[in-house]
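**Q** Below: one structure in structure tokens.
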Amino acid sequence: MKKIKKIGVMTSGGDSPGMNAAIRSVVRTCAYYKIECFGIYRGYQGMIEDDFISLDARSVKGIINRGGTFLKSARSKEFMTPEGRKKAYDNLIKNDIDGLVLIGGDGTFTGGVVFNKEYNFPIIGIPGTIDNDIFGTSHTLGYDTALNTTVEAIDKIRDTASSHNRLFFIEVMGRDAGFIALNAGIGAGAEEILIPEEDIGLDRLLDSLERSRKSGKSSSIVVVAEGDKTGKNVFELAEYVEENLPEYDVRVSVLGHMQRGGSPSCFDRVLASRLGVKAVELLLDNKSNLMVGLLDNKVAATDLEEAITGGHEINKELLRVAEIMST
Ligand code: F6P
């Protein structure tokens with residue numbers, strides 16, 4: 001088998017805290033094993049446009065603590081076409097790159113799987129998304145930081161909610177996954193948590209809010225994941241509750257992209273460092289089509305296609321705990 005001599009690393013899809021730390025780890029592991037490393041700007045789009053940069057151990061100094069990704073990120077429509085992928089392949093060959101580390105979420109991995117099928121190009125994935133919706137890892141890069149950011153923001157909203165005896169609906173990120181909502185909701189003491197994986201229904205929401213008001217609660221927080229399945233967006237939900245429970249003074253807060261920013265937590269920095277080392281070592285071992293993740297606090301490799309399709313289940317115990325805690 002051909003020995004890998006130059007690895008390309010890129011970040012793609014929605015950015016997440018810890019991506020810089022993961023790039024640093026990939027670059028430094030390459031330096032450790034004395035192989036070359038190229039950074040690819042703007043994910044697949046940069047690959048198509050030949051936007052590469054040579055990186056050595058010193059090029060990644062001072063970034064372990066920085067949010068975002070200095071290689072930038074994008075969701076490339078062109079890479080979804082065979083013509084786009086052909087351009088990307090030609091540029092990799094032109095730059096003598098013979099292995100890729102892809103840092104991103106399911107969209108990034110889906111592109112990688114298709115590309116590998118077409119060109120048999122060695123690829124390893126590192127799960128980088130705040131959503132935590134990837135199979136084969138207990139934590140994706142950036143999830144821990146995003147959780148802490150979200151809890152901190154909800155804590156602040158709680159201060160004003162309680163001063164004014166108000167009910168707040170707080171929308172958090174998670175188009176298809178409720179990990180942030182459920183964990184930040186429990187961590188911040190939310191009254192109710194609405195997630196895409198479990199539709200509690202509007203009646204239960206009203207019952208629960210009515211019950212808590214009668215039990216003497218003067219203010220409440222309802223955490224709503226972006227993709228919750230009640231069929232109403234957060235503003236419609238707030239309106240619905242205000243109409244049905246006029247005793248409540250209701251406000252809405254959408255936390256949005258602030259959850260994707262900020263300096264990564266120590267957990268995410270360590271995770272990024274561990275996964276970067278393993279990703280490079282797998283490529284050097286002539287392995288491909290795998291994702292590196294964390295299972296039982298050990299770095300483990302999962303088939304890349306399975307990582308996308310396997311589904312990362314919500315822990316039902318957390319739903320129960322959330323319900324009991326809102327008593
Ligand atoms: O996938 C991460 C994520 O932050 C989701 O939680 C969110 O729904 C989406 O990205 C937002 O994407 P964009 O930044 O493209 O609006």
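The values are calculated or read from the model by the stated rules, or taken from the named source; none is laboratory data. Please read these numbers as outputs of a predicted model, since none were measured by experiment. Here the Cβ is made from the backbone with ideal geometry for all residues, glycine too, and neighbour counts use every protein chain on show.
Every residue, every condition in (1) under 24 Å from Tyr143 (Cβ atoms); (2) among the aliphatic types (A, V, I, L, M), yes or no:
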residue: Lys6; (1), (2): no, no
residue: Gly14; (1), (2): yes, no
residue: Val27; (1), (2): yes, yes
residue: Gln45; (1), (2): no, no
residue: Arg66; (1), (2): yes, no
residue: Arg75; (1), (2): yes, no
residue: Thr81; (1), (2): no, no
residue: Arg85; (1), (2): no, no
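**Q** Something else now. Any residue in segment 301-319 that is touching a residue at least 40 places away in the same chain (Cβ under 8 Å) and over 30 Å from Gly189 (Cα atoms) sitting within a Cβ distance under 6 Å of a residue that is part of a helix (DSSP H, G or I) and not hydrophobic (A, V, I, L, M, F, W, C)? List the pairs, counting only those 6 or more apart or interchain.
**A** Pairs found: Ile308/Asp106; Ile308/Thr110.
**Q** Need the failing condition index for Gly84 against (1) away from the ligand (no atom under 16 Å from the Cβ); (2) in contact with a strand residue (DSSP E or B) (Cβ under 8 Å, 6 or more places away or on another chain); (3) of a type in the set (Gly, Ala, Ser), just the number.
**A** The number of the failed condition is (2).
**Q** Taking the condition part of a loop (DSSP other than H, G, I, E, B), at pLDDT 95 or above and away from the ligand (no atom under 16 Å from the Cβ), does Phe115 pass?
**A** Against the criterion (part of a loop (DSSP other than H, G, I, E, B), at pLDDT 95 or above and away from the ligand (no atom under 16 Å from the Cβ)), Phe115 does not qualify.
**Q** Does segment 6-54 hold any residues that are within 16 Å of the ligand (Cβ to nearest atom) and polar (S, T, N, Q), and which are they?
**A** Once the filter is applied, which keeps residues that are within 16 Å of the ligand (Cβ to nearest atom) and polar (S, T, N, Q), segment 6-54 yields Thr11, Ser12, Ser16, Gln45.
**Q** Now a separate question. Residues in segment 264-277 that are surrounded by fewer than 20 Cβ atoms within 10 Å (Cβ to Cβ) and in contact (Cβ under 8 Å) with a residue 12 or more places away in the chain: how many?
**A** 5
**Q** Does segment 154-184 hold any residues that are near the ligand (Cβ under 10 Å from one of its atoms) and not in a helix (DSSP H, G or I), and which are they?
**A** Hits for segment 154-184 are Val172, Met173, Gly174, Arg175, Asp176, Ala177.
**Q** Return a yes/no flag: does segment 232-239 have any residue that is under 22 Å from the mean Cα position of the chain (by Cα) and of a type outside the set (Phe, Trp, Tyr).
**A** yes
**Q** Report the residue count in segment 80-110 for those that are of a type outside the set (D, E, K, R) and over 23 Å from Ser54 (Cα atoms).
**A** Residues that pass the stated criteria total 7.
**Q** Let me ask something additional. So in segment 195-207, with the set limited to residues that are farther than 16 Å from Arg320 by Cβ and outside any loop (DSSP other than H, G, I, E, B), which one is farthest from the ligand (Cβ to nearest atom)?
**A** Ranking the qualifying residues of segment 195-207, first place goes to Asp207.
**Q** Moving on to the next point. Could you list, in sequence order, all residues of segment 162-209 that are within 17 Å of Glu242 (Cα to Cα), surrounded by fewer than 20 Cβ atoms within 10 Å (Cβ to Cβ) and not aliphatic (A, V, I, L, M)?
**A** His164, Asn165, Arg166, Gly201, Asp203, Arg204, Asp207, Ser208
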